[in-house]
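Working notes, structure below.
The values are calculated or read from the model by the stated rules, or taken from the named source; none is laboratory data. What you see is a predicted model; the values in this text were computed from it and never measured. A quick note on method: Cβ atoms are made from the backbone with ideal geometry, for glycine too, and the neighbour counts reach across all protein chains shown.
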Amino acid sequence: MAATKKELMNVNGAKLATTTPLENESLPNLISRLGDDIMQLVNSQLALLKVEIKEEANTYARGAAMIAFGAAVAVVGFALLNVAIAFAVSTLFAQANFSQPASYALGFLATGGFYLIVGAIVILVVKNRLANQNLVPKRTVQELRKDKEWLKNEL
């Protein structure tokens, strides 16, 4: 019976182990090699999980930055809206017809409303994108299933 050669690769494609089963290899040696192979398998699965978690964290960090930007735009809109309301209320008490301060108030009101709408749209779009993000590391789960099947077939 001819000896076979088996090479395992880790996530980065580097060679993990080279095994050559021999006909007369002892049981303790086989068990030791099996333990080493399982440890290498677990290490490669953990490395894949670490890469996927890092990718997910980057996606959430970008989303959080966009939400912060949207919130900043909304805060500017809110401040402008408050200034406009203050101008409008003060002119309504001062006289019944529209004056120049009332025109300014309407301008501030329109600008503040615009910023509030833009900020709300940005926040809602990014929030929906993050809500659709899947937290389960797909490649790691797929690799673990493959390994489970392989172990069932080998044992």
**Prompt:** Which of (1) at pLDDT below 70; (2) surrounded by 12 or more Cβ atoms within 10 Å (Cβ to Cβ) is the odd one out, the single condition residue 116 does not satisfy?
**Reply:** (1)
**Request:** Select from region 115-155 the residues that are of a type in the set (Asp, Glu) and in contact with a helix residue (DSSP H, G or I) (Cβ under 7 Å, 6 or more places away or on another chain) and write down the one among them that is nearest to residue 67 (Cα to Cα).
**Result:** 143
**Item:** The lone exception for residue 133 - which of (1) of a type outside the set (Ser, Thr, Tyr); (2) assigned to a helix (DSSP H, G or I); (3) closer than 25 Å to residue 54 by Cβ it fails
**Value:** (2)
**Request:** Output the residues belonging to region 44-88 that are in contact with a Phe, Trp or Tyr (Cβ under 7 Å, 6 or more places away or on another chain), touching a residue at least 40 places away in the same chain (Cβ under 8 Å) and not aliphatic (A, V, I, L, M).
**Result:** 77
**Message:** Checking the structure you have, find out if any residue of region 60-77 is under 30 Å from residue 42 (Cα atoms) and either modelled with pLDDT of 85 or more or touching a strand residue (DSSP E or B) at 6+ places or on another chain (Cβ under 8 Å) (or both).
**Reply:** yes
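Residue 140: over 30 Å from residue 75 (Cα atoms) and touching a Leu at 6+ places or on another chain (Cβ under 6 Å), yes or no? Please lay out each step first, then the result.
On the way: over 30 Å from residue 75 (Cα atoms): yes; touching a Leu at 6+ places or on another chain (Cβ under 6 Å): yes.
Here the answer is yes, as residue 140 does meet what is asked.
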